[in-house]
1. So is residue 177 modelled with pLDDT of 80 or more and either part of a loop (DSSP other than H, G, I, E, B) or under 11 Å from the mean Cα position of the chain (by Cα) (or both) or not?
2. Inside the range 287-320, can you point out the residues that are farther than 30 Å from residue 63 by Cα and in a loop (DSSP other than H, G, I, E, B)?
3. Any chance you could count how many residues in the range 173-191 are open to solvent by less than 10 Å² (accessible area, probe 1.4 Å) and touching a Leu at 6+ places or on another chain (Cβ under 7 Å)?
4. On the given criteria, is residue 78 part of a helix (DSSP H, G or I) and open to solvent by less than 60 Å² (accessible area, probe 1.4 Å)?
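The values are calculated or read from the model by the stated rules, or taken from the named source; none is laboratory data. Note that the structure is predicted; figures quoted are calculated from it, not measured. A quick note on method: Cβ atoms are made from the backbone with ideal geometry, for glycine too, and the neighbour counts reach across all protein chains shown. Calculation scope for accessible area: heavy atoms of the full protein, side chains included, ligands and nucleic acids excluded. Shrake-Rupley method; radii C 1.70, N 1.55, O 1.52, S 1.80 Å.
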Amino acid sequence: MHRPALSIVVPCYNEAACLDILHARVSAAARAAVGEDFEILFVNDGSRDESWPAMQRIAATDPHLVAINLSRNHGHQLALTAGLDLCAGEQILIIDADLQDPPELLTDMRTAMAEQQADVVYAVRRKREGESIFKKATAAIFYRMLDRITDTPIPLDTGDFRLMSRRALDAFLSLPEQARFIRGMVAWIGFRQVPFVYDRAERLAGETKYPLGKMVRFALDAVTGFSTAPLRFASHVGLALTGASLLLFVYIAVGFLTGSAVQGWTSTMLVVVLLGAVQMFVLGMIGEYLGRLYVESKRRPLYLVADIAGPVQGKAMLGYRAEMAAPASRADFVEGMSITPIPAEGAPKGE
């Protein structure tokens with residue numbers, strides 16, 4: 001099997017408005033970098049707009065494009081996993097469909113990979129145009145908090161925009177977990193990884209696919225996937241509350257011995273509420289980890305592919321690709337069936 005020099009993987013969800021421009025810019029960047037020896041993989045993650053028909057239309061005119069239609073919405077990280085699993089290139093560029101990450105940086109990223117003999121070139125955001133102050137602030141806080149509590153160093157201010165070598169991708173594909181935080185997983189595999197600083201542009205069209213709810217879920221996947229600090233937090237809080245209980249016991253004993261009145265209801269309720277809140281938080285964190293263990297124990301495929309348009313070369317190792325059955329003819333359908341003729345109206349019916 002011939003491996004193209006470059007694969008470009010693009011997860012898409014409701015991106016019909018920008019697919020033509022995306023295809024044109026990505027194709028131009030690929031040709032400038034490697035000539036005609038490349039493939040582009042668009043992964044349709046259960047879009048509700050006209051993204052899939054648009055992908056089929058483009059794939060019919062461009063032999064470099066492989067359009068992958070997932071059976072339902074799996075989420076950005078699993079859609080990206082599907083594209084990485086099915087691509088075949090020696091180098092792999094990961095980029096989002098909104099064109100906030102310029103594909104024209106591909107040549108410079110390949111130069112950086114060659115000069116520094118790296119297996120991963122990850123893009124570091126110097127500026128983030130078109131994003132709210134709230135999103136910028138929460139992203140900065142999240143990545144710095146994650147860096148402090150995880151055992152694996154995860155680069156700050158990075159997304160999934162990066163260039164990977166084939167051996168780095170093969171190592172990544174050996175990680176089968178369901179709750180995927182890909183930028184952390186790529187950091188975990190090691191090899192030589194170098195930064196590439198750039199300015200992130202404003203989204204070309206459409207709306208962000210990471211509203212607040214998905215951002216919180218994404219953050220939980222990152223924390224629980226790469227750190228046991230929340231579980232250690234339970235033991236730390238337990239020790240702190242044990243010390244506070246001893247001090248409270250000393251206070252009550254002194255008050256009893258001196259005959260001074262001990263204020264009751266307010267302080268008691270305060271302690272009960274505090275302990276209850278801590279216990280519920282700790283139980284919730286334990287539940288998050290147990291839930292992930294439950295999901296992992298099922299060993300389900302990470303993604304399901306319904307349709308593919310274009311010359312796909314990769315094999316589904318982490319997911320399942322449904323094979324299209326040939327349509328049966330009416331003769332095949334009738335063969336083997338016992339057909340009872342329906343009598344005409346007014347004719348006598350048999351027993």
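1. Numbers: modelled with pLDDT of 80 or more: yes; either part of a loop (DSSP other than H, G, I, E, B) or under 11 Å from the mean Cα position of the chain (by Cα) (or both): yes.
The answer is yes for residue 177.
2. At the first step, the residues of the range 287-320 found to be farther than 30 Å from residue 63 by Cα are 287-300.
299, 300, listed by residue number.
3. The initial filter retains those residues of the range 173-191 that are open to solvent by less than 10 Å² (accessible area, probe 1.4 Å), namely 180-182, 184-186.
Filter once more, so that each one left must be touching a Leu at 6+ places or on another chain (Cβ under 7 Å): 180, 182, 185.
Residues meeting the conditions: 3.
4. Values: part of a helix (DSSP H, G or I): yes; open to solvent by less than 60 Å² (accessible area, probe 1.4 Å): yes.
Against the criterion (part of a helix (DSSP H, G or I) and open to solvent by less than 60 Å² (accessible area, probe 1.4 Å)), residue 78 qualifies.
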